[in-house]
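S.K.: Supplied in structure tokens, the structure appears directly below.
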Amino acid sequence: QVQLVESGGGSVRPGGSLRLSCAASGISFSILDVAWYRQVPGKERELVASINFQGTTDYADSVKGRFTISRENAKNTVYLQMNSLRPEDTATYYCNIRHTPHWGKGTLVTVSL
């Protein structure tokens, strides 16, 4: 059974940093494309960053230069390093194996004074 578990969310002041982790079980990330999405209540889920099995990355314009997605295949984990956080980054962040119905339950990030 495939399971994705996100961690690393929390509350931080504007300008701060957080690193999110997405750990997988029941499947190997090393051969898969993985993405981070975020969602605010009342809005659609937004693609934040993705990394394919070859390590090629892509980012939403709103996070380019501030967020970095990476993977550690030995730990079957994908990370999202978030720097220079802004209040508008506040959301629940979800991990997804791209083009599949496999999602984690999310981790909440709150950026406020």
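The values are calculated or read from the model by the stated rules, or taken from the named source; none is laboratory data. Bear in mind that the values here come from a model prediction, so they are computed numbers and not experimental data. So basically every Cβ, Gly included, is an ideal-geometry build from the backbone, and we count neighbours across all protein chains shown. Heavy atoms of the whole protein, side chains included, go into the accessibility calculation; ligands, DNA and RNA do not. Shrake-Rupley method; radii C 1.70, N 1.55, O 1.52, S 1.80 Å.
S.K.: With the requirement that a residue be under 10 Å from the mean Cα position of the chain (by Cα) and open to solvent by 50 Å² or more (accessible area, probe 1.4 Å), what does the stretch 58-113 give you?
M.R.: Selection gives Thr68, Gln81.
S.K.: Of the residues that make up the stretch 41-49, is at least one farther than 18 Å from His102 by Cα and touching a strand residue (DSSP E or B) at 6+ places or on another chain (Cβ under 9 Å)? Steps first, please.
M.R.: As a first pass, look at the stretch 41-49 and keep what is farther than 18 Å from His102 by Cα: 41-43.
Next, only the ones that are touching a strand residue (DSSP E or B) at 6+ places or on another chain (Cβ under 9 Å) stay: 41, 43.
Within the stretch 41-49, one or more residues are farther than 18 Å from His102 by Cα and touching a strand residue (DSSP E or B) at 6+ places or on another chain (Cβ under 9 Å).
S.K.: Select from the stretch 24-46 the residues that are surrounded by 13 or more Cβ atoms within 10 Å (Cβ to Cβ) and in contact with a helix residue (DSSP H, G or I) (Cβ under 7 Å, 6 or more places away or on another chain) and list them in ascending order.
M.R.: Correct list: Phe29 only.
S.K.: While we're on this one: Can Ala49 be described as surrounded by fewer than 17 Cβ atoms within 10 Å (Cβ to Cβ), among the hydrophobic types (A, V, I, L, M, F, W, C) and without any contact (Cβ under 8 Å) to a residue 40 or more places away in the chain?
M.R.: On the way: surrounded by fewer than 17 Cβ atoms within 10 Å (Cβ to Cβ): no; among the hydrophobic types (A, V, I, L, M, F, W, C): yes; without any contact (Cβ under 8 Å) to a residue 40 or more places away in the chain: yes.
No, not satisfied.
S.K.: Another question, if that's okay. Look through Leu108, Leu85 and report the one residue that is among the aliphatic types (A, V, I, L, M), in contact with a strand residue (DSSP E or B) (Cβ under 6 Å, 6 or more places away or on another chain) and part of a loop (DSSP other than H, G, I, E, B).
M.R.: Working: Leu108 fails: part of a loop (DSSP other than H, G, I, E, B).
One residue alone meets the criteria, Leu85.
S.K.: While we're on this one: How about the stretch 20-45: which of its residues are out of contact with any Lys or Arg (no Cβ under 8 Å at 6 or more places or on another chain) and basic (Lys, Arg)?
M.R.: Lys43, the sole residue that qualifies.
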